[in-house]
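What follows is a short report on a single structure.
Read the figures in this text as sums done on the coordinates, not as results from a lab. Keep in mind the model is a prediction, meaning the values are calculated, not measured. Cβ coordinates were reconstructed from backbone atoms using ideal geometry, including for glycine residues, and neighbour counts include every protein chain displayed.
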Amino acid sequence: MVKWCYEAGFFPVLCPKIQNERVTKEKDKTDSIMIDFAERMLDENHEVTDVVLLTHDGDFVPLVNFLRSRGKHVLLGTYGKVSQDLKSVVGHE
C-alpha cells in the first residue's frame, strides 16, 4: 500500500501507536510527532496544495488549522467515530 501511495504521488507518514501496557495517553507522543513532521515537511515543500488526513482523532485540529493558515486544502478521510471538533474544523458532515 505504501509503495502504491508513493507511485500515486502521495507521501504517507506512518507512525503506528505503540501497544504497551505502560504507555499512557500522556506518554504516547505519536500524534505530536506526526503533527510536527507534517508542519516541517509542508514548510519545506511549498508546492503541496492538498493534504489528505486519514484520522478520526481531534488531536489533529491544530494541524488542520496550520494547513489552512498556509493555504492548503484539507480533505478528511474518516473511519469509525470521528471527533466532533475535527469534523467542525474540516467542515466534514
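A compact table of results
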read-out: Virtual spin-label span in nm between Asp59 and Asp85, 7 Å along Cα→Cβ; value: 1.2 nm
read-out: For region 27-71: rounded, prolate or oblate by the Cα gyration tensor [a/c cutoff 1.5]; value: prolate
